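The values are calculated or read from the model by the stated rules, or taken from the named source; none is laboratory data. It should be emphasised that the depicted structure is a prediction, and the values quoted were computed from it without experimental measurement. Please note: Cβ atoms are built from the backbone with ideal geometry, for glycine as well, and neighbour counts cover all protein chains shown.
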Amino acid sequence: MALPSLLGWLFTGTVSGALAALVWAGGVSIFVLHHVTWAVNSVGHMFGTRPFRTRDNSTNFALLALLSFGDSWHNSHHAYPRLARHGTDPGQIDTSALLIRCLEHLHLASDVNWATEANTAPRRRPPQAGSVLPARPMTRRKVTVPSSCKVRLIGTGLEGALLPSG
């Protein structure tokens, strides 16, 4: 937050320039970044394509790819979390993978796991008609609460769990 303020003061020579830079380059950018991150974790579990088999509802949502630096290829990320590039298919924009590739060429990163046809094939789904598929519906799992987590309300005869049951 100090760097935007300093740059604003250097460019304008005024305190108001420093404050404006603090608000726009500091506060607004943090606000946008948090909302993009939250969108990836919500929209990326509801809408988009599911090219890989995973145990969850994660999807690849192309509309957020640029803003999320490639993190919106969420289904790919859940299928292969160790891969440096989550945009595993040609044409999928993944700017964070571009940065990692540059660091690798500069010998600042090593032993990087890159997506190949061979290492992504085991979980790949066969192509389906239609490009955007809704995520599969959430299923409720029965949760067994250990007796050490149960609470007994003295004098009421009521018993409950400290953890949510569903």
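Some notes on this structure:
- Candidate set from region 1-56 (those that are outside any helix (DSSP H, G or I) and among the aliphatic types (A, V, I, L, M)); member that is farthest from Ala79 (Cα to Cα): Met1
- Flag: Pro51 does not match the condition of being loosely packed, with under 15 Cβ neighbours inside 10 Å and closer than 23 Å to Glu117 by Cβ.
- Filter pass, Thr12 being surrounded by 20 or more Cβ atoms within 10 Å (Cβ to Cβ) and in contact with a helix residue (DSSP H, G or I) (Cβ under 9 Å, 6 or more places away or on another chain): no
- Among (1) buried (at least 17 other Cβ atoms within 10 Å of the Cβ); (2) touching a residue at least 24 places away in the same chain (Cβ under 8 Å); (3) not charged (D, E, K, R), the one test that Ala18 misses: (2)
- Only one entry in His77, His86 is modelled with pLDDT of 80 or more, outside any loop (DSSP other than H, G, I, E, B) and in contact with a His (Cβ under 6 Å, 6 or more places away or on another chain), namely His77.
- Qualifying residue in region 55-68 (condition: among the aromatic types (Phe, Trp, Tyr) and crowded, with 22+ Cβ neighbours inside 10 Å): yes
- Annotation note: Cβ proximity below 7 Å between a residue of region 24-42 that is in contact (Cβ under 8 Å) with a residue 24 or more places away in the chain and a residue that is outside any helix (DSSP H, G or I) and charged (D, E, K, R) (sequence gap 6+ or interchain) occurs for Val40/Asp71.
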